[in-house]
Amino acid sequence: MDSLDLIKTFREVASHGSFSRAATKLDVSKATVSKYIAELETRLGVRLLNRSTRAVSLTDAGSLLLERSKPMMEMFELTQAEVQEHASHPTGRLRISAPLGAGQGDLPKMIGEFMGHYPDVSISLQLLNRAPDMAEEGIDLALHFGPIEDENLIVRKLARRALVVCASPLYWRKHGKPTHPRELAGHDALTQTRLGAHPEWRFEVDGKPFDVAMKSRMDATEAAPLIQVAMQGFGVIYMPEMLVQPHIDHGELVPVLQDYVRSDMWLSAAYLQRRHNSAALRALLDFLESRFKGRGGAKG
């Protein structure tokens, strides 16, 4: 049994001078109180209470424990109240991870809006080019782009994210526009470092996955440098539409193969537990879900 429960029981007996009255206050049986006191004395190796048929009094050791345990129990009760507040009221610091490219999209603005709604919540945002170990790294919520293979995570799909293959007008004039994904194998690709030394891009042909082994001219840990190099005419990129749409709108990049891009790419929120999550985490999940739903997202 927990040492705090033993000490709490001891303090009630000492306060009321009676096992029976302590049992009533704690809403347990007198036998349970006696058992707890005996267990505490056994653990400490010393008698804490003098017992008679009419009264209970403290030994010297009991007086010492009563005095020294007071600040400890007060601190525990204060901490317990603060921790319970995390369960009922959005407060505290949330640690969020997201893909590197998310820093260029709507996420920072959404986090700002969330903080405006919940002034007692603070945010730590990590932009990563890998999937984090949420338990080891203390991540409360991980935003993922694409399929999530870890079966230990609870996943909420927030929004489908379209992909786009594109390059500069200059590049397409020099190398020609592909009409089928297989033709990309002969092009210079600008790829994400996480895809490794032999990157593959996945498409859908007749509703089935179709992987193309790419020749990487350059790789980078985040999207921004690849977009800049693509606009200079040095290769083809394949990435979320939201990252390149402004450049497409301005004619700096030209999309191709839109009938073949994969359709299973979602922005999802992942977390570790279904139960006992903090009020802050529950509020953030609901907030993100509502925002993306209003923009055409969907719940998974």
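The values are calculated or read from the model by the stated rules, or taken from the named source; none is laboratory data. Not measured: the values here are computed from a predicted model. In this analysis, Cβ positions are derived from the backbone assuming ideal geometry, glycine residues included, and neighbour counts consider all displayed protein chains.
Return yes when D286 is under 29 Å from the mean Cα position of the chain (by Cα) and either buried (at least 17 other Cβ atoms within 10 Å of the Cβ) or without any contact (Cβ under 8 Å) to a residue 12 or more places away in the chain (or both) and no when it is not.
On the way: under 29 Å from the mean Cα position of the chain (by Cα): yes; either buried (at least 17 other Cβ atoms within 10 Å of the Cβ) or without any contact (Cβ under 8 Å) to a residue 12 or more places away in the chain (or both): yes.
Criteria met by D286.
Kindly indicate which of A167, A230 is more than 27 Å from the chain's Cα centre (by Cα) and more than 24 Å from R130 (Cβ to Cβ). Full working, then the answer.
Details: A230 fails: more than 24 Å from R130 (Cβ to Cβ).
When all the criteria are applied, what remains is A167.
R130: among the basic types (K, R), outside the structural domain of Q232 (by TED's automatic domain parsing) and farther than 26 Å from A230 by Cα, yes or no? Working first, answer last.
Numbers: among the basic types (K, R): yes; outside the structural domain of Q232 (by TED's automatic domain parsing): yes; farther than 26 Å from A230 by Cα: no.
Judged against the criteria, R130 is not a match.
Scan segment 148-175 for residues that are part of a loop (DSSP other than H, G, I, E, B) and at pLDDT 95 or above and jot them down. Spell out how you get there, then give the answer.
Of the residues in segment 148-175, the ones part of a loop (DSSP other than H, G, I, E, B) are 148-153, 161-162, 168.
Hit for segment 148-175 is S168, nothing else.
Could we say that L158 is touching a Phe, Trp or Tyr at 6+ places or on another chain (Cβ under 8 Å) and within 18 Å of M218 (Cα to Cα) here? It would help to see each step written out before you state the result.
Working: touching a Phe, Trp or Tyr at 6+ places or on another chain (Cβ under 8 Å): yes; within 18 Å of M218 (Cα to Cα): no.
So L158 fails the test.
Checking the condition part of a loop (DSSP other than H, G, I, E, B) and at pLDDT 90 or above, which residue from V33, V28 passes? So that I can check it myself, show each step before the final result.
Values: V33 fails: part of a loop (DSSP other than H, G, I, E, B).
None of the other options fit; the residue is V28.
Among the residues of segment 159-212, which ones are crowded, with 18+ Cβ neighbours inside 10 Å, of a type outside the set (G, A, S) and touching a Ser or Thr at 6+ places or on another chain (Cβ under 6 Å)?
T191, P199 - these are the residues of segment 159-212 that are crowded, with 18+ Cβ neighbours inside 10 Å, of a type outside the set (G, A, S) and touching a Ser or Thr at 6+ places or on another chain (Cβ under 6 Å).
Looking at T42, is it closer than 24 Å to E74 by Cβ, at pLDDT 90 or above and out of contact with any Leu (no Cβ under 7 Å at 6 or more places or on another chain)? Even if it seems obvious, please write down each step before you answer.
On the way: closer than 24 Å to E74 by Cβ: no; at pLDDT 90 or above: yes; out of contact with any Leu (no Cβ under 7 Å at 6 or more places or on another chain): yes.
The answer is no for T42.
Considering only residues that are touching a residue at least 60 places away in the same chain (Cβ under 8 Å) and not in a helix (DSSP H, G or I), look in segment 180-200 and name the one that is farthest from P99 (Cα to Cα).
H180
Kindly indicate whether any position in segment 220-231 is at pLDDT 95 or above, surrounded by fewer than 19 Cβ atoms within 10 Å (Cβ to Cβ) and touching a His at 6+ places or on another chain (Cβ under 9 Å).
No, there is no match, as no residue in segment 220-231 is at pLDDT 95 or above, surrounded by fewer than 19 Cβ atoms within 10 Å (Cβ to Cβ) and touching a His at 6+ places or on another chain (Cβ under 9 Å).
Among the residues of segment 121-146, how many are touching a residue at least 40 places away in the same chain (Cβ under 8 Å) and in a loop (DSSP other than H, G, I, E, B)?
6
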